[in-house]
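Coordinate-derived values only; no laboratory data. Note that the structure is a prediction, hence the values are computed from the model and not measured. Using ideal geometry, Cβ is built from the backbone for each residue, glycine included, and neighbour counts are taken over all protein chains shown.
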Amino acid sequence: MLSPLKRGITMREGLTVVEAILALFVTALVVLTIASGLKSTRFEMTTKTDQQLGWHYFLSEVRAPKYAFVVEKVETNYILLESSIQKKTFILKFRSGELVLTTPKGGYIPLMRGLKTGQFQAVKKGVDCEAMATTGQRFKANLMLEDENDK
């Protein structure tokens with residue numbers, strides 16, 4: 001059997017400086033990758049939740065008893081609404097990636113942001129509202145508001 005050569009090098013337990021630096025570098029890469037993945041997931045979930053809240057805010061605002069809206073006219077990108085309580089005309093419309101409630105005299109309430117598309121369609125029982133968010137999430141609801149012809 002051959003015996004190992006002894007050249008003045010002594011073996012010590014532990015890591016060399018190069019091995020320690022390499023281990024720290026790999027650990028840092030793993031931590032950064034996990035952190036960025038968690039951050040992007042959290043951002044996406046927050047965005048979807050915000051858009052869902054915006055959609056429900058829009059529905060609650062339009063159905064609110066403080067307005068008692070009556071549909072006067074339905075077009076693809078807007079609805080003309082009359083408030084039977086406030087005796088004012090309002091316009092609910094999709095504009096520049098937003099869903100807003102406005103008046104002919106100006107001023108507006110942004111009800112939902114971050115929309116790619118949106119449309120309204122008159123149906124037998126109310127108005128169908130459809131929207132697609134920039135994240136790809138789809139929203140659909142039927143507003144059963146009183147029609148001016150039903151008065």
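The listed residues are 108, 57, 67, 78, and the only one of them that is among the aromatic types (Phe, Trp, Tyr), without any contact (Cβ under 8 Å) to a residue 24 or more places away in the chain and under 23 Å from residue 144 (Cβ atoms) turns out to be 67.
For residue 115, only one of the following conditions fails: (1) closer than 21 Å to residue 136 by Cβ; (2) of a type outside the set (Val, Ile, Thr); (3) in contact (Cβ under 8 Å) with a residue 24 or more places away in the chain; (4) in contact with a Phe, Trp or Tyr (Cβ under 9 Å, 6 or more places away or on another chain). What is its number? So the condition that residue 115 fails would be (3). Scanning the stretch 87-135 for residues that are polar (S, T, N, Q), under 16 Å from residue 61 (Cα atoms) and not in a loop (DSSP other than H, G, I, E, B) yields 89, 102.
Of the residues in the stretch 33-40, none is over 29 Å from residue 135 (Cα atoms) and over 23 Å from the mean Cα position of the chain (by Cα).
Could you go through the stretch 121-141 and let me know if any residue there is among the polar types (S, T, N, Q) and over 24 Å from the mean Cα position of the chain (by Cα). Among the residues of the stretch 121-141, not one is among the polar types (S, T, N, Q) and over 24 Å from the mean Cα position of the chain (by Cα), which makes the answer no.
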